[in-house]
Amino acid sequence: MSEVRVRFAPSPTGFFHIGSARTALFNWLYARHTNGTFVLRIEDTDAARNTEEALEVLLKGMRWLGLDWDEGPEVGGDYGPYFQSQRGDIYQEHLEKLRAAGRTYEQDGAVFFKLDGERYTEFDEYLGKEVEKVRTAPVEIDDAIRGTVVRSEDRDFVIFRSDGSPTFHFVNVVDDIAMKITHVIRGEDHLSNTSKHVELFKAFGARPPQFAHLPLILKDPRMGKGKMSKRDRGSLIEEYQDRHYLPAAVRNAIALLGWNPGDNREIMEIGEIIAAFDIKDIQKGAARFDEDKMAHVNFQYLKALPVETYAWFARPVLTEKGLIPENYSEDHLQRVLALCQEKITSLEALPEFCGYFFTDDYTVDEKARNKVFKKGDPAELAGQVKEALEGVPVENWSAESLEAAFNSLAVAHGQEKPFKWWPLTRFAVSGLSSGPDFLPMLEVLGRKTVLRRLGKLSQA
RNA sequence: GUCCCGUUCGUCUAGCCAGGCCUAGGACACCGGGUUUUCAUCCCGGCAACAGGGGUUCGAAUCCCCUACGGGAUGCCA
């Protein structure tokens, strides 16, 4: 282990936002890259909105993305507890330190942190009233992404609320000190707060950590302006879980939001990402989220999967829709999926794409029907195909034999190629005008099913 | 209002720190063509950017300044 200690300190809200996920990922990547320690600390100081379920969403999302933590909930560690709600004594002790140093005062029941400097009163436009301000010495924030940022705090701020609970700024700094955090990697929305934090670090006589403020993730311009919110499509990790995205793909895509390896690589194994990752290569400007790119990365992963793994991910998608029972034959499942994997860009689209392999109760595409029915008498054509394929015995039911049967059919009708019968046959057996490669599809569908469905159409 | 951060194709970005190798590279999306009897795959091609203005320099996407625009903060939320 190196000396690097980073933390992801989310507040459980019931959602796992993509921006939080990226912050978690970047911290995790940095820890893994440096062989350091990744701490998960739960900032549940806001009792009102922290629930058991909210925490579960978060932990589940972290595990799904493969972001394992070295210290934190469920795994423990030497710097616990890792829930801020359980660290009251530590906060109290630190409060006493500030109090003893004369850096606090009470007002309206709340404890304020007292800034150092000359005091004056000024009308504040934003607050719309006269407030007491302080001329402090500017604070230098050492940011690994932006260089040195200079800012000064000009108003005392609350560190303990009137109900006795500590505030974010206070616990954040106390915990970073107590947990010996060396690098604070977080969203840029915290950059302005950082001067408060540095003041606190100084008041505690602690050296501030190395900061790194990540650019924000903004909405897709088609969805509006500003930073991405939990209401925006694609903003929640839960959504990708529900839509059967591959976790590794989502992780890869998120890593590319504000970071890249410096060359043209995009689809990378996690080991490659860890090896290449460095804070200094993180983008300064905000990124706009692009659904299409996410889908593309997911497809690249899907395509590259061995069919066994593909089936492992696909099976629940099909059982969820009631298309196959839990114990459905692995062998047959893989034969079907092998036809789909190269054609389809998301697992989500699978049920619609291949449902007819598993049930006779599939949806018939009206447009496909119209297209096919225009090309001649469907019943007659279906009958001809049925007759031709009946000549292929079940033990010979293969793409090759089927091709031969179709060719003979063509010859028998004075055609050079059997292409005349194919679209109709596809429609007859699947209700669609497109799908997997034709002959292999018939092979996998099986003799019985193909003849039955052709029979149905030939009598229609 | 004030403070802070940012700004390369529609989008993600390479290049910027160490100025010439940039007629600015890649990817997504889009458009066109092709393959595939189907097709959402695949292949080929195309479109398209240094926010604007000043400087510094023989030379600037790269360095400096200003403006504009975008974002964030300014909470007894985190």
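The values are calculated or read from the model by the stated rules, or taken from the named source; none is laboratory data. Because the structure is predicted, anything quoted here is derived from the model rather than measured. We place every Cβ from the backbone using ideal geometry, glycine too, and count neighbours over all the protein chains shown. What goes into the accessible areas is simple: the full protein's heavy atoms, side chains included, and nothing from ligands, DNA or RNA. Shrake-Rupley method; radii C 1.70, N 1.55, O 1.52, S 1.80 Å.
General remarks:
- Carbon/sulfur fraction of accessible area - the stretch A:366-458, other protein chains in place, 1.4 Å, %: 52
- In the full protein context, chain A carries 48 Å² of accessible surface per residue, based on a 1.4 Å probe and ignoring ligands, DNA and RNA.
- Whole-angstrom gap from the stretch A:226-305 to the stretch A:324-367, using each part's C-alpha centre: 27
- Cα-centred dipole magnitude for the stretch A:305-357, charges only on beta-carbon of K, R (+1) and D, E (-1), debye, nearest 20: 100
- The value of relative contact order for the stretch A:272-406, using C-alpha pairs under 8 Å at least six residues apart, is 19 percent.
- Of the peptides A:56-62, A:358-364, the order by per-residue mean of other Cβ atoms within 10 Å, starting with the highest, comes out as A:56-62, A:358-364.
- As a calculated quantity, the FRET efficiency between A:Glu330 and A:Arg161 at R0 = 60 Å, using C-beta atoms, amounts to about 0.55.
- Applying 1/(1 + (r/R0)^6) with r as the Cβ-Cβ distance of A:Asn193 and A:Asp242 and R0 = 41 angstrom yields a FRET efficiency of 0.80.
- Carbon plus sulfur fraction of accessible area for the stretch A:281-338, probe 1.4 Å, in percent: 51
- Over 32 Å apart at the Cα level, from the set A:Lys180/A:Lys284; A:Lys60/A:Lys303; A:Lys303/A:Lys375; A:Lys97/A:Lys227, are A:Lys303/A:Lys375; A:Lys97/A:Lys227.
- Expressed as a whole percent, the proportion of Cα-Cα pairs in chain A lying more than 35 Å apart is 49%.
- A simple spin-label model places the labels of A:Gln459 and A:Ser85 6.5 nm from each other, with each point 7 Å out along Cα-to-Cβ.
- Percent carbon-and-sulfur accessible area, the stretch A:126-263, ignoring ligands, DNA and RNA, probe 1.4 Å: 47
- With 0.36 nm allotted per residue and the present C-alpha distance subtracted, the A:Lys180-A:Val75 stretch has 36.0 nm of extension available.
- Prolate/oblate/rounded label for the stretch A:87-214 (Cα gyration tensor, a/c 1.5): oblate
- Percentage relative contact order, the stretch A:366-458, counting C-alpha pairs under 8 Å, at least six apart: 42
- Options A:Ala428, A:Phe357, A:Gly226, ranked by Cα towards positive dipole end of chain A, top entry (Cβ charges): A:Ala428
- Less than 5 angstrom separates the built amide H of A:Ile159 from those of A:Val111, A:Phe112, A:Phe113, all sequence-distant by 5 or more or on a different chain.
- The string of couplings for the stretch A:96-110 from the Karplus curve (6.51, -1.76, 1.60, θ = phi - 60°) is 4, 4, 5, 5, 5, 7, x, 9, 10, 7, 9, 8, 6, x, 9 Hz, one whole number per residue in order, with x for Gly and Pro.
- Debye equation applied to the C-alpha atoms of the stretch A:313-460, log10 I(q)/I(0) at 0.22 Å⁻¹: -1.47
- Taking 23 Å as the limit for the C-alpha separation, the pairs A:Lys371/A:Lys456; A:Lys343/A:Lys367; A:Lys371/A:Lys420; A:Lys386/A:Lys417 never exceed it; all remain within the limit.
- Take every DSSP beta bridge whose two residues both sit in chain A; close to 60 percent of them are antiparallel.
- Average Cα contact separation per residue, chain A, under 8 Å, 6 or more apart, as relative contact order %: 12
- Neighbours of A:Arg119, meaning other residues whose beta-carbon lies under 12 angstrom from its beta-carbon, give a summed charge of -2 when Lys and Arg score +1 and Asp and Glu score -1.
- Protection proxy ranking of A:335-344, A:405-414 - average other beta-carbon atoms within 10 Å, highest first: A:335-344, A:405-414
- Under 11 Å, Cβ to Cβ, from A:Pro261 - net charge with Lys/Arg +1 and Asp/Glu -1: -4
- For A:Val131, the residues whose modelled amide H falls within less than 5 Å of its own, excluding neighbours fewer than 5 places apart on the same chain, are A:Glu122, A:Phe123, A:Asp124.
- ³J(HN,Hα), Karplus 6.51/-1.76/1.60, whole Hz, each residue of the stretch A:145-154, x for Gly, Pro: 9, 10, x, 8, 10, 9, 7, 10, 7, 10
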